[in-house]
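Visitor: Could you have a look at this structure, given as structure tokens, before my questions?
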Amino acid sequence: MDITLELVEQLRKRADVSYEEARAVLEETGGDLLEALILLEQRGKIRSDGGQSARYSTRPGNQQAAPPPEDRAQTDRQEAKGSAWSAFLHGCVVNRFEVVRQGELMVSIPLVIFVLLILLVFWVSLPLLVVGLLFGCRYRFAGPDCDGSQVSQAVNHAADTIGDAVDRVKAQAEQAARNKQSKE
């Protein structure tokens, strides 16, 4: 393919390289602009966003100091960790753990408190949860992130299973009591 001035200028505009370097890379890739951009990116001559990143500076004029790629990658990782932690905490405060018995809401606490109770005093909180199930309490996670989630479905399934088991035990106990009364 013939390498035109227009093709070289397009590559220079996107990759911010010299005319000679752009022409050499285009000749190397047979005039394929996309392949040339990929090759320049692999060689570390352009950023992975194609030089089209959004930047703002309060410096006068067009002087924008771009951070070195190593610093930028570290900053991106720190921001990702911070935003993930922030999203987790936000989810723990906005969403709630609720205890319902016979359709009536008994307790509703933020997930952060529920998690702390489970982690710090599990020898008290876990038995209470089991006893609550035995007495007909239902547990659910409610909030903008939990409605219809797999966690809520799993908790509901466990509550249904335990509720069915409790009902069977009650029915068997009542049957045994009736049998005992009829024998006397």
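Read the figures in this text as sums done on the coordinates, not as results from a lab. Model, not experiment: these values are computed from the prediction. All Cβ positions, even for glycine, are placed from backbone atoms using ideal geometry, and neighbour counts span all protein chains on display.
Visitor: How are the Cα pair distances of region 93-183 distributed, in percent, across 5 Å bins from 0?
Guide: 3, 13, 18, 22, 17, 9, 6, 5, 4, 2, 1, 0
Visitor: Something else: Sort SER182, SER83 by Cβ crowding within 10 Å, fewest neighbours at the top. Working shown, then result.
Guide: Working: SER182 7, SER83 10.
So the ranking, lowest neighbour count to highest, is SER182, SER83.
Visitor: Sort ARG178, ARG12 so the one with the fewest other Cβ atoms within 10 Å of its own Cβ comes first. Intermediate values should be presented prior to the final figure.
Guide: On the way: ARG178 10, ARG12 15.
Ordered from fewest to most neighbouring Cβ atoms within 10 Å, ARG178, ARG12 come out as ARG178, ARG12.
Visitor: Starting from the 7 Å offset along Cα-to-Cβ, what nm value, one decimal, do you get for the label separation of VAL121 and LYS183?
Guide: 4.4
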